[in-house]
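Input: a single structure, listed below in structure tokens.
The values are calculated or read from the model by the stated rules, or taken from the named source; none is laboratory data. Since the model is a prediction, treat every value here as computed from it, not as a measurement. Counting neighbours? That spans all protein chains shown, and the Cβs are built from the backbone with ideal geometry, glycine included. Just the protein is used for accessible areas: all its heavy atoms, side chains included, with ligands, DNA and RNA removed. Shrake-Rupley method; radii C 1.70, N 1.55, O 1.52, S 1.80 Å.
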Amino acid sequence: MLVATASQTIGPYWHLIEDVTWADLTRFGAKGNRIVLTGTVTDGAGTPVTDAAIEIWQTSPAASDIFPAFGRCRTDGTGSFRFTTLKPGPGNAPQAPHVAISIFARGLLKALMTRLYFQDEPLNETDPVLSMIEDAARRRTLIAQKVSAAAWHLDIRLQGENETVFMDI
Amino acid sequence: MPTETAPFRPIEAGSQPANDTPSYGSTHLRHPTRLALRIPQTVTETTGPRFTPARFSSTPDLSMTNGKQALGERIIVRGRVADEDNRPVPHTMIEIWQANAAGRYDHPDDRHDAPVDPHFRGGGRVFSDADGWYQFVTIKPGAYPWHNHRNAWRPNHIHYSLFGTGFGQRIITQMYFPGDPLLALDPIYHSVPGQAARERLIAAFDIDITAPDWALGYRFDFILRGRNATPTEQG
Ligand SMILES: [Fe+2]
């Protein structure tokens, strides 16, 4: 058996492959429940992480010719990212609607994997991944808060107090 | 063809770096301190995005811009993308970025006092073919200083990003060059604990890939995580 290639940091210059349109998952014309997902990434000192690549992947709605179900966005000078996508539905029950997140940055030798869930989804109570996290405060690090009719916000803390729950898969 | 949803196998011990790697200063405030939560792989982890050259154009020659040749040593990089069972990963996208021959990125945050090259942008992408093989032409990147420690220099390297067939296979890595004296001093290269895993990040000079009177050739293979034989139960 072969062994998978080792990961190395994305470094500070990954923007050479950036296409800023990738932050809009509806750019090819997908129609549906269009939402905005925002967040801010901070480090162990509370300082914004301004050079990260944030990637999202969702299996609901399913990927199609007009919906890539995948997006990438840089964090800006304030550590913030912003995606436009379609809201995941309950199609993967018993899993609650969620979006997978990968964080790549200078200083991260491999991706940090986490998930974004949505405030006020009944399935959050029985979601098999959320249910693995006993501490309610830790669980909340994965729940995006609704900030307007069609926008949710999730802060991601790489280290320290209120550190986001990251996952090994 | 049905979508493959078997879970990925666990990571081989010693084959991957830890984010808590003190010799690499930028990790200090960025590595999580809590143990990662090991979750069962669901369809979210076992499937992933697909990219096609029809929509994401391929750029197999980074050494030319607008018909003008970049400065530096032209090279050909060729290799195969396969999984841990040596099954080829066909038609998968490989993103590439790198410094120019002088060790300078065409990036606003790169302040290294070395010239940018108007004919070298340093970013592109290619796709593996039906048998997992990929190839591109570029310029050998130069070494560059960074501020990790006194007199710190990154060895010559090319950055890569691959998606494979599932989000759990996603990998970003760097390819190094054989015989580089800076490898012995580089904390990023040495973040990979196992020597064999580390050395697989070094491309091999290959006379058969080398094109006579034109460019040296290097071989570099990617291995993505393999899948278990049994599918996941969970949707
Ligand atoms: Fe680099």
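Being at pLDDT 95 or above and surrounded by fewer than 19 Cβ atoms within 10 Å (Cβ to Cβ), is that true of even one residue in region A:90-101? No, the conditions are met nowhere in region A:90-101. Among the numbered conditions (1) modelled with pLDDT under 95; (2) over 30 Å from A:Val99 (Cα atoms), the only one that B:Gly168 does not meet is (2). The single condition from (1) facing chain A (nearest Cβ under 7 Å); (2) assigned to a loop (DSSP other than H, G, I, E, B) that B:Asp131 fails is (1). Please determine whether any residue of region B:80-87 is modelled with pLDDT of 95 or more and among the polar types (S, T, N, Q). Within region B:80-87, one or more residues are modelled with pLDDT of 95 or more and among the polar types (S, T, N, Q).
Give the residue that is farthest from B:Ser23 (Cα to Cα), with candidates limited to residues of region B:149-165 that are in contact with a Pro (Cβ under 9 Å, 6 or more places away or on another chain), away from the ligand (no atom under 12 Å from the Cβ) and within 14 Å of chain A (Cβ to nearest Cβ).
Ranking the qualifying residues of region B:149-165, first place goes to B:Phe163.
Out of all the residues in region B:67-103, which are within 16 Å of the ligand (Cβ to nearest atom) and either farther than 23 Å from B:Arg121 by Cα or outside any loop (DSSP other than H, G, I, E, B) (or both)?
B:Val77, B:Glu95, B:Ile96, B:Trp97, B:Gln98
The single condition among (1) modelled with pLDDT of 95 or more; (2) within 11 Å of another protein chain (Cβ to nearest Cβ) that B:Ile76 does not satisfy is (2).
A:Leu108 meets the conditions (1) open to solvent by less than 30 Å² (accessible area, probe 1.4 Å); (2) touching a Phe, Trp or Tyr at 6+ places or on another chain (Cβ under 9 Å); (3) not in a strand (DSSP E or B) in every case but one. The failed one is (2). Among the criteria (1) over 30 Å from B:Asp20 (Cβ atoms); (2) not in a strand (DSSP E or B), the one B:Leu216 does not fulfil is (2).
Residues that are open to solvent by less than 20 Å² (accessible area, probe 1.4 Å) and within 28 Å of A:Asp51 (Cα to Cα) do occur in region B:32-43. Close Cβ contacts (under 7 Å, 6 or more residues apart or on different chains) running from residues in region A:1-19 that are farther than 13 Å from B:Gln174 by Cβ and within 16 Å of the ligand (Cβ to nearest atom) to residues that are open to solvent by 30 Å² or more (accessible area, probe 1.4 Å) and outside any loop (DSSP other than H, G, I, E, B) comprise A:His15/A:Arg74; A:Glu18/A:Arg74. Which residues, counting only those in region B:124-141, are within 14 Å of the ligand (Cβ to nearest atom) and open to solvent by 10 Å² or more (accessible area, probe 1.4 Å)? Once the filter is applied, which keeps residues that are within 14 Å of the ligand (Cβ to nearest atom) and open to solvent by 10 Å² or more (accessible area, probe 1.4 Å), region B:124-141 yields only B:Lys140. All of (1) among the hydrophobic types (A, V, I, L, M, F, W, C); (2) more than 11 Å from the chain's Cα centre (by Cα); (3) open to solvent by 10 Å² or more (accessible area, probe 1.4 Å) hold for A:Cys73 with one exception: (2). Among the residues of region B:215-229, count how many are of a type outside the set (A, V, I, L, M), open to solvent by 20 Å² or more (accessible area, probe 1.4 Å) and out of contact with any Asp or Glu (no Cβ under 8 Å at 6 or more places or on another chain). Number satisfying all stated conditions: 2. A:Ala52 meets each of the listed conditions (1) facing chain B (nearest Cβ under 10 Å); (2) more than 14 Å from the chain's Cα centre (by Cα); (3) open to solvent by less than 10 Å² (accessible area, probe 1.4 Å) apart from (2).
Anything in region B:143-192 that is assigned to a helix (DSSP H, G or I) and either in contact with a Gly (Cβ under 9 Å, 6 or more places away or on another chain) or in contact (Cβ under 8 Å) with a residue 40 or more places away in the chain (or both)? List them, or say none. If the condition is that a residue be assigned to a helix (DSSP H, G or I) and either in contact with a Gly (Cβ under 9 Å, 6 or more places away or on another chain) or in contact (Cβ under 8 Å) with a residue 40 or more places away in the chain (or both), then B:Phe167, B:Gly168, B:Gln169, B:His190, B:Ser191 are the ones that fit. Checking B:Phe8, B:Phe51 one by one, the residue that is of a type outside the set (S, T, N, Q) and either under 18 Å from the mean Cα position of the chain (by Cα) or away from chain A (no Cβ under 12 Å) (or both) is B:Phe51 and no other. The number of residues in region B:104-122 that are more than 10 Å from every other protein chain (Cβ to nearest Cβ) and surrounded by fewer than 19 Cβ atoms within 10 Å (Cβ to Cβ) comes to 8.
Every listed requirement among (1) open to solvent by 20 Å² or more (accessible area, probe 1.4 Å); (2) farther than 16 Å from B:Asp129 by Cα is met by B:Pro49 save one, (1). Within region A:12-42, being closer than 24 Å to B:Pro187 by Cβ, open to solvent by less than 20 Å² (accessible area, probe 1.4 Å) and either under 19 Å from the mean Cα position of the chain (by Cα) or more than 9 Å from every other protein chain (Cβ to nearest Cβ) (or both) holds for A:Trp14, A:Val41.
Scanning for something in contact (Cβ under 8 Å) with a residue 24 or more places away in the chain, within 16 Å of the ligand (Cβ to nearest atom) and more than 25 Å from B:Ser15 (Cβ to Cβ), does region B:193-207 turn up at least one residue? No: region B:193-207 contains no residue that is in contact (Cβ under 8 Å) with a residue 24 or more places away in the chain, within 16 Å of the ligand (Cβ to nearest atom) and more than 25 Å from B:Ser15 (Cβ to Cβ).
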